[in-house]
Amino acid sequence: MAHSDITVGVLVGNPRPASRTATVAAEVGRQVADAVGGRVGPVVDLAMHGGAVLDPDSATVQRDMELVSGVDILIVTSPTYKATYTGLLKGFFDRFGSVSLDGVSAVPVMVGGAAHHAMAGEVHLRPLLVELGAVVPTRSLYVVDSELDHLTDTVSTWLSREGAPLANALRTAPAQ
């Protein structure tokens, strides 16, 4: 796949619109797209759907499911609620089949108030993404609220460690 064909999708699982989680997701998406020579594709903010994620007849939710399933890299971002991802994100992903993210390289990102929940992305979000068929080639990124003032540097530091595994996954990924 040519670099310019690489699409980086962004999924925000915060029930609040215009959240800090969305800010983090956008920055991770931008930096990952720059690193792989791709472009940021669909940005899906689940706050715009609210309870519609539970409506099996919602055409807009179905459209967004198709959008995130069709990207090369999916940045999945959630605030940390009770040491895990949000129910809104879970409700969205409950609509997916077990291989709906087949061929997608997913990056789990969590945002929280304290570092003691830093493993939430590894322990909770990563297994969900793998269950849906995604390849998760990187360690998850956990951003503590106190890091938001220097978010660009926080993401850049994480990407300096995780960029190579992500690029390797793209090279070996089957064509979608």
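Summary of computed values
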| read-out | value |
| --- | --- |
| Among residues of the range 125-176, those that are over 19 Å from Tyr81 (Cβ atoms), modelled with pLDDT of 95 or more, of a type in the set (Gly, Ala, Ser) and surrounded by 14 or more Cβ atoms within 10 Å (Cβ to Cβ), counted | 3 |
| Helices (runs of 4 or more DSSP H) fully within the range 53-166 counting 1 or more residues that are over 13 Å from the mean Cα position of the chain (by Cα) and under 26 Å from Val36 (Cα atoms) | 59-69, 126-131 |
| Sole residue being basic (Lys, Arg) and in contact (Cβ under 8 Å) with a residue 24 or more places away in the chain, chosen from Lys90, Lys82 | Lys90 |
| Selection count, the range 14-41, where residues are within 13 Å of Ser78 (Cβ to Cβ), assigned to a helix (DSSP H, G or I) and in contact with a helix residue (DSSP H, G or I) (Cβ under 7 Å, 6 or more places away or on another chain) | 3 |
| Tally of residues being out of contact with any helix residue (DSSP H, G or I) (no Cβ under 9 Å at 6 or more places or on another chain) and closer than 27 Å to Asp57 by Cα across the range 71-86 | 1 |
| Residue count for the range 94-118, restricted to those that are surrounded by 22 or more Cβ atoms within 10 Å (Cβ to Cβ) and either farther than 14 Å from Val12 by Cβ or without any contact (Cβ under 8 Å) to a residue 40 or more places away in the chain (or both) | 6 |
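The values are calculated or read from the model by the stated rules, or taken from the named source; none is laboratory data. As the structure is a prediction and not an experimental result, all values here were calculated from the model. Note that each Cβ is placed from the backbone with ideal geometry, even for glycine, and that neighbours are counted across all protein chains shown.
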